[in-house]
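Just so it is clear, none of the values below were taken in a lab; they were calculated from the coordinates. All figures in this text were calculated on a predicted structure; none of them were measured in a lab. Don't worry about glycine lacking a Cβ; one is built from the backbone with ideal geometry, like all the others, and counts go over all protein chains shown.
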Amino acid sequence: MTQAQNIPVTIVGGYLGSGKTTLINNLLRHADGKKLAILVNEFGELPIDADLIEAEEGDVISLSGGCVCCSYGNDLTSAVMDVAQMQPTPDHIVLEASGVALPGAIASSLSLLNNCSLDGIVVLADAETVKSKSTDKYMSDTIMRQLTDADIVLLNKIDLVASEDLHATREWLNGCSNNASIIETKHSTAPIAVVLQDFERQSQPLDSGAPQHVDQFHTYKLDMEKSVDPKHFAEELIANTPGIVRAKGFVRDKSGDLKTVQIVGKRFAISESPDNVECGMVVITVQP
Amino acid sequence: MTITIFSARKIITMNPARSNTTHVAIRDGHVLGSGSLEELAGWGDYVLDETFKDKVIMPGLVEGHSHAMEGTLWKYTYVGFFDRMDPHGKVWSGVKAIGEVLARLKESEAKLSDPDAPLPAWSLDPIYFDNERVTRQDLDKVSETRPIGVMHASGHILNVNSKALELAGLLKTGIDHPGVPLGEDGLPTGELKGPDVMTPVGVHVGFDRDMLSCDEEGLIDFAKLCVRTGVTTATDLAARLPDDAVAMMSDVTGRDNYPARIVPLRFHHGVTPVDLIEHVLKLKELSSDRLRLGMIKVVVDGSIQGFSARIRWPGYYNGADNGLWYISPEQLREIINMSLEKGIHIHTHTNGDEATELVLDCMEEGLRQYPSLDHRFTLQHCQLADRAQFRRMAKLGMCVNLFANHHFYWGDEHYNLTVGPERALRMNACATALENAVPMAIHSDAPITPLGPLFTAWCAVNRLTASGRTQGESEKISVADALYAITLGAAYTLKLDGEIGSIETGKRADFAILEDDPESIAPEKLRDVKVWGTVQDGRIFSAADL
């Protein structure tokens, strides 16, 4: 690579009790050598298995396998800056927003940090309660803003609701989070490659530790032999791929330069590509 | 033990049985009594101290909402619009135009020997310059080579020069962020709005990351400001209070010459409610006479002028989106319930009336489960509360500490921009609080506005805005009520009214020593009452000798 790559940051949002902590534990359990830096609002709610913890010092817990977990309290930006400076550099930062935070606002702030880039906003919604919570006297607008900010909504705890209710909730979600891909989950078990953009792994079978859910995803590769206008290509891919969740790869633009194209939900980003890569895109879709 | 009797021109006791006297006798840092010399002589041999024979003595003033970092900020260059006194007694004249801001920055710049050292300044308020903004090009005239950062008075906006943007990697086009306005050239203008935007650049201009922290020197300087403003007890409202900070505060406040009693509250952020309660119970054990620990501050929403306060329908006057919650109702409820159960004292920050409503709802539920006859949970700021909310506060046994100074500094902006004319009139409704018998204090939120309870009292009595308009005639209070609010009123919200806040037998010998009589001076001159110094725990502190 010719330049230091930005560290991808995934924001995990959603109201209290939607399953954020469970999702983060799942990610840690399936990190598989990837050095994840997890930022949480407070430690108390992250029940990390004691045998995973190697050291604990102040606001930082070091986990086996190179992952770290930090609490940020009221100063999220500083915490992200600190984590991005850690040695060894984390492969990926996962930022658990507080239950009342607006993930879109956090994403805006991250855009000002030089060595980080937004990988996506994943918002969990509790299938049992999200619809009624969305009319809460105090929290209504906060919950709606969280859902609107999402690139991917994990509609979680689907095992706790009747199928007709689930259908109604899903229809309702479609209406209020028009930019997001909606994925149904139990116990927050979405595959790591869906939650975190991970090019190396996307060509492999998805593993979430919960095989029953892998069925809903479909992964395929586009060769991308012809040169394209990357922006136009990304827009078309999003518009013409029902259920697109994520896509990442390299394309050659009209002037012959290689570009990285990343898609999450309806959002895409185009950047300079690293050296020595081959053209091609990996696309993950979810069955609608 | 030695008895000292102070004579005075007048003593305002706040004891209704004898509200004005001429002498006060003290022993062991406590008041034996106040009355005539003949009456006090009955306590036995005494030394008559006539230092204050031409002065007015009143109970040591109590600041119920301040931050000790006011002491720390004076390390930076002051560029506020209003005259302001530093811990060493120097009154910095207010700067009245952008040119004057730059001139003062140049003076400070000339004193820096390290060419790369940052130049931080604070308390800028462009509202008073017809809202003309400071640009990076303006600040570049002060220096193009060292990073410069100027914090606004509100604490919500930072102006920086090109060098600071460059160091933070933000001197580039293509930035798309509501908190980073761009110039015609597509580059940031240098104005950074909101803490998330300020932090990445703030570290390059010399502003410590944790703006709420206060170091040893800052805590010492803060107490000097207390002496100069007649304050003998002040809160440090919201700190994380890690072990090393508590050890430092215990050490500093325990020194023989430390002139103030500090009441630090533990900030709710960054820990679960269960851990928060556990920490505060431990802190309570570490309390000493001049360091009172064991209370909690919960921040529920943001600020009105930053449009981050949660306000009820119909929302902000200029149509801005509603503000931000800094805690969920579930967590707030959990903290309130556990605190009621364990007898821990909470103060809640709510600026907007929706945030206030949430606290009232949670209290109503909590008290049904954990009836508590004397909890004194206090709504801090509570700027927008309406009359119905004050009636609920009264029923729920809550106290309120209103931000009277805000009205002066930002009242015009609230009228024109944030909440509009009608609600601006009811902001910081002191008269409504008293009418509904809600125990009330008033505050400065120093360093957001300057520490100085007599100034705060003046604000509550006159309700003038900076432009000179009276805003909310019906919410004005009397001088007597205002003096009560800055002594016993504030002491009551801290459950210290049995110890401080009045001059009567058994209470702490904490006095404010004044050159003028606040009871007889014209109400519109209350802010001009001069402070000689304080007596704290029977120890004399002259402002002139600090």
Round to the nearest 10 and give me the degree value, 0 to 90, for the angle of helix B:216-228's Cα axis relative to the longest principal axis of chain B. 60
Expressed in angstrom and ordered largest first, the alpha-carbon extents of segment B:94-161 along the principal axes are 34, 21, 20
How crowded by other chains is B:262-275, given as the mean number of beta carbons from other chains within 10 Å of each beta carbon? 3
Which of the residue pairs B:10/B:476; B:10/B:90; B:111/B:297; B:96/B:141; B:282/B:476 have a Cα-Cα distance greater than 30 Å in the structure shown? B:111/B:297; B:282/B:476
Per the charge dipole of chain A (beta-carbon charges, Lys/Arg positive, Asp/Glu negative, Cα centre), the residue among A:68, A:218, A:19 reaching farthest to the positive end is A:218
Arrange the following residues from fewest to most other Cβ atoms within 10 Å of their Cβ: A:22, B:348, B:145. B:145, A:22, B:348
On Cα atoms only, tilt of B:387-396 relative to the major axis of chain B in degrees: 50
Kirkwood-Stokes translational diffusion coefficient of segment B:442-538, alpha-carbon pairs, 10 °C, 1.306 mPa s, µm²/s: 111
Using the number of other C-beta atoms within 10 angstrom as an exposure proxy, rank A:215, B:138 with the fewest first. A:215, B:138
By counting other Cβ atoms within 10 Å of each Cβ, how are A:232, B:407, B:177 ranked from fewest to most? A:232, B:177, B:407
Can you list the lysines whose alpha carbon is less than 30 Å from that of residue A:35, not counting same-chain residues fewer than 8 positions off? A:20, A:157, A:186, A:221, A:248, A:259, A:266
In whole Hz, what ³J(HN,Hα) sequence does segment B:447-458 give by Karplus (6.51, -1.76, 1.60; θ = phi - 60°), x for Gly and Pro? x, 4, 10, x, 4, x, x, 5, 5, 4, 4, 4
What helix-only [θ] at 222 nm does chain B give? Using -39500 (n - 2.57) per DSSP H run of at least 4, over all residues, to the nearest 500, the answer is -8500 deg cm²/dmol
dims of chain B, Cα set, principal axes, largest to smallest, nearest Å -> 80, 56, 47
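What per residue convex hull volume, in Å³, do the alpha-carbon atoms of the protein assembly as shown yield? Write out the running numbers ahead of the final one.
Numbers: hull volume 142.0 nm³, N = 834.
Dividing the Cα hull volume of the protein assembly as shown by its residues yields 170 Å³.
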May I ask for the angle, rounded to the nearest 10°, between helix B:98-111 and the longest principal axis of chain B, with both axes built from Cα atoms and the value confined to 0 to 90°? 80
Relative to the Cα centre, what is the charge dipole magnitude of the protein assembly as shown, using +1 at the beta carbon of each Lys and Arg, -1 at the beta carbon of each Asp and Glu, and rounding to the nearest 20 debye? 1320
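Mind giving me the FRET efficiency for residue A:160 and residue A:115? R0 is 41 Å, r the Cβ-Cβ distance, nearest 0.05 is fine.
Given R0 = 41 Å and the Cβ-Cβ separation, E is 0.50.
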Could you give the C-alpha radius of gyration of segment B:345-405 expressed as a fraction of 2.2 N^0.38 Å, taking N as the number of residues it contains? 1.03
Once a ≥ b ≥ c are taken as the square roots of the eigenvalues of the Cα gyration tensor of segment A:7-198, is the result rounded (a/c under 1.5), prolate (a/b larger than b/c) or oblate (a/b not larger than b/c)? prolate
Principal semi-axes in Å for segment A:217-286 [√(5λ), Cα gyration tensor, largest first]: 19, 12, 10
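Which order, highest average first, do B:223-236, A:127-140, B:363-376, B:483-496 follow once you tally other Cβ atoms within 10 Å for each residue and take the mean per peptide?
Highest-to-lowest ranking by the protection proxy: B:223-236, B:483-496, A:127-140, B:363-376.
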Okay, helix-only estimate at 222 nm for chain A: each DSSP H run of n ≥ 4 adds -39500 (n - 2.57), divide by all residues, round to 500 deg cm²/dmol; what do you get? -7000 deg cm²/dmol
Positive-end residue of B:72, B:180, B:153, charge dipole of the protein assembly as shown with Cβ unit charges: B:153
Per residue, what volume in Å³ does the Cα convex hull of segment B:73-202 take up? 104
Please give, to one decimal in nm, the separation of the simple spin-label points placed at residue B:368 and residue B:83, each 7 Å out from Cα toward the Cβ. 5.6
Over the Cα atoms of segment B:393-486, what Rg and Dmax result, in angstrom? 12.5, 37
Which aspartates and glutamates have a Cα less than 16 Å from the Cα of residue B:55, not counting those fewer than 8 places away in the same chain? B:510, B:515, B:516, B:517, B:519, B:528
